[in-house]
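The values are calculated or read from the model by the stated rules, or taken from the named source; none is laboratory data. None of these values were measured; they are calculated from a predicted model. Cβ coordinates were reconstructed from backbone atoms using ideal geometry, including for glycine residues, and neighbour counts include every protein chain displayed.
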Amino acid sequence: MATIRVDVIDIDDPADPRVDDFRDLNSVDRRPDLPALPGGRVGKGLVIAEGVLVAQRMIASRFSPHAFLGVDKRLAELADDLTARSLDGVPFYRASAEVMAEVVGFHLNRGVLGAARRPPSLSVAEAIAGSRTIAVLEGVNDHENIGSIFRNAAGLEVDAVLFGAGCADPLYRRCVRVSMGHALLVPFARFEDWPRGLTALGDNGFRMISLTPGDGAIPLSDAVDAEKVAFLVGAEGPGLSETAMRTSDVRARIPMSRGTDSLNVATAAAIAFYERARSGTMDG
């Protein structure tokens, strides 16, 4: 059996400064996953993984963990993953559930946390390189919806997620947790120039499909047969802006029963991803 490469360090004092990267995870004033804090202060902007599965995906991602905090049981469950050479010398702060609760500010049922610094952001070109199917979000500012979209993307063969104006940070702790760690594995990038930056997708051969229940939209199943597809989805309520939709090649709708004009954005995206996968065009 391979030897774990992390340094296991026992923590008995919740005030120990060595675990400050995991402290006060629910505090708006001090949360370590916030790049910006109230009052214009600069935050740590760390990426926090919660639970064994998400920690495993962090280890496998480009978000290299620089520390762990967890109970002994979770250390044992992660043993095989902690043999990665990239973890040489990374501290695993082992603590009781009670000490962990005092550090993070609540009882953490998942029993382990990983912390990583943010690597340089990918450009749009880097994120979509080699992609056949991508998602483009506008105005999606709900962390759970973003996390769900990443999870859906990973499960339904979507290669990348791009962010336009008004979207929340996909690396907030809740996004990463709801995504089951897939926000760390599915490439993503932000447009620097929205919506004009969408022209880069057309230049790269993507058919841009705006999801909308509006008049003139064709059935979704009739829109997904291109070699490369980009699905544009907007926030619940306002949906996509007219400006963004004008840049798309086609407007498509999900057929729905009378009296229902829209779905949750993560649900709508999942249906679009499934329709694309079901069409068979993703196999070339």
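Observations on the structure shown:
- Positions within the range 52-66 being part of a strand (DSSP E or B) and touching a helix residue (DSSP H, G or I) at 6+ places or on another chain (Cβ under 6 Å), in sequence order: PRO65
- Among (1) assigned to a loop (DSSP other than H, G, I, E, B); (2) of a type in the set (D, E, K, R); (3) in contact with a helix residue (DSSP H, G or I) (Cβ under 6 Å, 6 or more places away or on another chain) - the single one GLU227 does not satisfy: (3)
- Residue within the range 120-128 that is over 30 Å from VAL229 (Cα atoms) and either in contact with a helix residue (DSSP H, G or I) (Cβ under 8 Å, 6 or more places away or on another chain) or surrounded by fewer than 22 Cβ atoms within 10 Å (Cβ to Cβ) (or both) present: no
- Residue ID - nearest to PRO120 (Cα to Cα), chosen from residues in the range 1-50 that are basic (Lys, Arg) and either in contact with a helix residue (DSSP H, G or I) (Cβ under 9 Å, 6 or more places away or on another chain) or surrounded by 15 or more Cβ atoms within 10 Å (Cβ to Cβ) (or both): LYS44
- Evaluation of LEU263 against the conditions (1) surrounded by fewer than 17 Cβ atoms within 10 Å (Cβ to Cβ); (2) in contact with a Lys or Arg (Cβ under 6 Å, 6 or more places away or on another chain) shows that the sole unmet condition is (2).
- Any hit, the range 259-271, residues being part of a loop (DSSP other than H, G, I, E, B), at pLDDT 95 or above and in contact with a Ser or Thr (Cβ under 8 Å, 6 or more places away or on another chain): no
- Only listed residue being under 20 Å from ARG151 (Cβ atoms), part of a helix (DSSP H, G or I) and at pLDDT 95 or above, chosen from ALA101, ALA49, ALA127: ALA127
- Selected residue (only one of VAL158, VAL140, VAL176 is part of a helix (DSSP H, G or I) and among the β-branched types (Val, Ile, Thr)): VAL176
- Taken together, ARG31, ARG62 contain a single residue that is within 20 Å of VAL6 (Cα to Cα) and outside the structural domain of LEU171 (by TED's automatic domain parsing), which is ARG62.
- Search result, residues across the range 1-15 that are within 18 Å of SER96 (Cβ to Cβ) and in contact (Cβ under 8 Å) with a residue 12 or more places away in the chain: VAL8, ILE9, ASP10, ILE11, ASP12, ASP13, PRO14
- Selected residue (criterion: farthest from LEU162 (Cα to Cα)) from residues of the range 222-241 that are surrounded by fewer than 17 Cβ atoms within 10 Å (Cβ to Cβ) and at pLDDT 95 or above: ASP222
- Scanning the range 16-46 for residues that are without any contact (Cβ under 8 Å) to a residue 40 or more places away in the chain, among the basic types (Lys, Arg) and not in a strand (DSSP E or B) gives ARG30, LYS44.
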